[in-house]
Amino acid sequence: MGNATEWYDYGVYAATATYLTDAFFPGHLGTLGTLLGFAVSFLLRPLGGMVWGPLGDRVGRKTILATTILLMAGATGLIGLIPSHSAIGVGAPILLISLRVIQGFSTGGEYGGAATYLAESVDDRRRGFLGSFLEFGTLWGFIGGSAIVLLMQVALTDAQMQSWGWRIPFLLAVPLGLVGWYLRSRLDESPVFTEIAEHDHPRGGLITLITDYRRELLTLAGLVVALNVVNYTLLAYMPTYLHGTIGISDSRTTEMVLIGQLVMALVLPLSGGLSDYFGRRPMWLVSLVGLAVLAIPMYWLMGKATGWAITGFVVLGLLYVPQLSTISATFPAIFPTHVRQAGFALSYNVATAVFGGTAPLLNEWVIDRTHWTLFPAYYMVAACLIGLIAWTFLRETAGASLRGTEVPHTGELEVVR
């Protein structure tokens, strides 16, 4: 529920991108301004990770989770209350960017904390299956945001949507956040964290991470480059791409992305369960190779017709699922307990800020300058190649215990059982 609330904002922001452009960034470069608003929230994610991650390793996972969801939901709701550019001028985009910064700072602790808590709280043998439900929440946040925007588009006229209708989905984040906060505040602390907190353990923190766990930090960063370039190109930039580049209507692009996300959500638990049987490394290998091979043909196909656009999006989405479904099982297990949340938050958020959150902005900028409509596909391929390099250093951890202060690891032959 908490993760769905966090990513609900990104779903709404992506689905209302054209309305946000009209409200806050009028002019020829308006779309780039809106995508800058999307990207800027990622600049604060590394700082958020540096603050929230070590705190999570020191005071516990639960406290951080309850705090960050309130920040995220509050900032999202306030976006729906910002006066437009026509009312207050340049103050409107400044307020929007400021709230996106707050969202980025809170997200820096939200995602790593949620994945770490879940990984430490479930049966080691079923970590892939049960951990996939965190990403189930992610997709349902995107789906919920897209679905509500689509409902508003159907119920209201274009003029009403442009005037005030786009604000309602943002305001709905407030009650969602309060529900998520209530649920999180009633959780027990992670048993793995509780166990190590009761005993002496090696010192954690950022200095320990950088000096003793460089391999783990770089491995995770390389995987995240592939993960989030694909993620934000497919799930966040696609509505803008289909509308601006191919000329498909706003409501139709929302429908298409919604269909693709629903298909992905349905197969997430199955993919997570398969990783418990075959291991994390084989699932990532299939996904990275498949996307590297098929991204360019599928993007070419999407430019032909609406039906082919749906097909291409679904194919790429299904190839992405083996990565998405195993985040909670793979990434926290890269680090030992005393630096787990800090390591996850730092490496994940730095790589996401540099490559993931900027993907929509970079894609739009290149297409606007060169009219090279296949650039997003080539960017995706390049990111997957970086991911494949990092994959060679990834230890297999399916079934491994996350307890203690040693780096989790299982042998390749121990995975299939």
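Could you tell me whether A309 is part of a helix (DSSP H, G or I), open to solvent by 10 Å² or more (accessible area, probe 1.4 Å) and out of contact with any His (no Cβ under 9 Å at 6 or more places or on another chain)? For A309, the condition - part of a helix (DSSP H, G or I), open to solvent by 10 Å² or more (accessible area, probe 1.4 Å) and out of contact with any His (no Cβ under 9 Å at 6 or more places or on another chain) - is not met.
Looking across A226, A159, one residue alone is modelled with pLDDT under 90 and more than 22 Å from L402 (Cβ to Cβ). It is A159. Test I296 against the stated conditions and say whether it is closer than 24 Å to W140 by Cα, aliphatic (A, V, I, L, M), in contact with a helix residue (DSSP H, G or I) (Cβ under 7 Å, 6 or more places away or on another chain) and surrounded by fewer than 20 Cβ atoms within 10 Å (Cβ to Cβ). Spelling it out, it is not the case that I296 is closer than 24 Å to W140 by Cα, aliphatic (A, V, I, L, M), in contact with a helix residue (DSSP H, G or I) (Cβ under 7 Å, 6 or more places away or on another chain) and surrounded by fewer than 20 Cβ atoms within 10 Å (Cβ to Cβ). One residue alone among L218, L178, L242, L183 is touching a Gly at 6+ places or on another chain (Cβ under 8 Å) and in contact (Cβ under 8 Å) with a residue 24 or more places away in the chain, and that residue is L183. The criterion of at least 3 residues that are open to solvent by less than 10 Å² (accessible area, probe 1.4 Å) and modelled with pLDDT under 85 is met, among helices (runs of 4 or more DSSP H) falling completely within region 1-109, by 2-15, 30-43, 45-59. Identify, please: which residue in region 239-267 is crowded, with 24+ Cβ neighbours inside 10 Å and within 15 Å of the chain's Cα centre (by Cα) and is, among those, nearest to L150 (Cα to Cα)? Checked region 239-267; the qualifying residue nearest to L150 (Cα to Cα) is Q261. Would you please list the contacts, defined by Cβ atoms under 7 Å and residues six or more apart or on different chains, that run from a residue in region 107-136 that is among the hydrophobic types (A, V, I, L, M, F, W, C) to a residue that is not in a helix (DSSP H, G or I)? From residues that are among the hydrophobic types (A, V, I, L, M, F, W, C), the pairs are A115/F331; A119/L402; L130/V122.
The values are calculated or read from the model by the stated rules, or taken from the named source; none is laboratory data. Since we're looking at a predicted model, the values are computed, not measured. FYI the Cβ positions are ideal-geometry reconstructions off the backbone, even for glycines, and counts take in every protein chain you see. Heads up: the accessible areas ignore ligands, DNA and RNA and are worked out on the full protein's heavy atoms, side chains in. Shrake-Rupley method; radii C 1.70, N 1.55, O 1.52, S 1.80 Å.
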